[in-house]
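The values are calculated or read from the model by the stated rules, or taken from the named source; none is laboratory data. If you're wondering where the values come from, they're calculated on a predicted model, not measured in any experiment. For neighbour counting, all protein chains shown are included, and Cβ atoms are generated from backbone atoms with ideal geometry for every residue, glycine included.
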Amino acid sequence: SCVSVQFKVPQPIQRKAKKEFPISIIGKYNFLSDTLIINRTSIQIPIQLSEESGRARKMNISDSLVLKHYKNAYFLSIRDKNEKWDVLVLGQNKDKNLIVKSSISMKIESDSMIINKQFDRDKEIKKLMSEYSYLETVNLLSSTYCINPTRRELNQLIKKNLFREIIVLTRIK
């Protein structure tokens, strides 16, 4: 099964939303055999990650795609159809490649769309969630936590690796 953590509101709650992506991460990145593009006010997601079959999906910074800066990283909150938020943490390494961190128990292998189930990660997330008495929703193939952490709890969750690297995307020169 897959374990994921979603949020009731965009994260971190105490930060103001940005109107545009920073110049440092604007650009094109290799994503498997496709390209992820970050423009000033939008992000274009490759076909493999898009829910709309057969075409890349462009999303603009809006009330359903919220970007916030916190502790040398950018938190990208994406609202789903159930009004819950998936949060990705974007950072860069010294080569200006994009490091994507997430609160799901998967890792995307960069040479193919193999999504590695991380069973130890499942246990780690469940243990972390139980420390805070967050409630789990179990579906057929997955379990989800929808949480609304305080600033202090979010800091602790960050320190305890709630967001873990799922892929590094190479910048296209």
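Residue-by-condition table, conditions (1) at pLDDT 90 or above; (2) among the small types (Gly, Ala, Ser); (3) outside any strand (DSSP E or B); (4) within 29 Å of Gly27 (Cα to Cα):
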residue	(1), (2), (3), (4)
Asp111	no, no, yes, yes
Lys123	no, no, yes, no
Leu140	no, no, yes, no
Thr144	yes, no, no, no
Arg152	yes, no, yes, no
Gln156	yes, no, yes, no
Leu162	yes, no, yes, yes
Ile166	no, no, no, yes
Lys173	no, no, yes, yes
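When the residues of segment 65-111 are filtered to those that are among the basic types (Lys, Arg) and on the phi > 0 side of the Ramachandran plot, which remaining residue is surrounded by the most Cβ atoms within 10 Å (Cβ to Cβ)?
This residue is Lys96.
A quick yes/no check of all residues on (1) modelled with pLDDT of 95 or more; (2) part of a loop (DSSP other than H, G, I, E, B); (3) touching a Lys or Arg at 6+ places or on another chain (Cβ under 9 Å); (4) farther than 21 Å from Ile108 by Cβ:
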residue: Ser4; (1), (2), (3), (4): no, no, no, no
residue: Pro12; (1), (2), (3), (4): yes, yes, yes, yes
residue: Arg15; (1), (2), (3), (4): yes, yes, yes, yes
residue: Glu20; (1), (2), (3), (4): yes, yes, yes, yes
residue: Gln44; (1), (2), (3), (4): no, no, yes, no
residue: Arg55; (1), (2), (3), (4): no, yes, no, no
residue: Lys68; (1), (2), (3), (4): yes, no, yes, yes
residue: Leu76; (1), (2), (3), (4): yes, no, yes, no
residue: Lys81; (1), (2), (3), (4): no, yes, no, yes
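Return the residues of segment 125-134 that are surrounded by 11 or more Cβ atoms within 10 Å (Cβ to Cβ) and either hydroxyl-bearing (Ser, Thr, Tyr) or not in a helix (DSSP H, G or I) (or both); say none if nothing qualifies.
Ser130, Tyr132, Tyr134
Report, ordered by the first and then the second residue, all pairs with beta carbons closer than 6 Å, sequence separation of six or more or different chains, a first member in segment 14-27 that is surrounded by fewer than 14 Cβ atoms within 10 Å (Cβ to Cβ), and a second member that is in a loop (DSSP other than H, G, I, E, B).
Listed pairs, sorted by first residue: Glu20/Arg40; Glu20/Thr41.
Checking the condition acidic (Asp, Glu), assigned to a strand (DSSP E or B) and modelled with pLDDT of 90 or more, which residue from Asp63, Asp86, Asp95 passes?
So the residue among Asp63, Asp86, Asp95 that is acidic (Asp, Glu), assigned to a strand (DSSP E or B) and modelled with pLDDT of 90 or more is Asp86.
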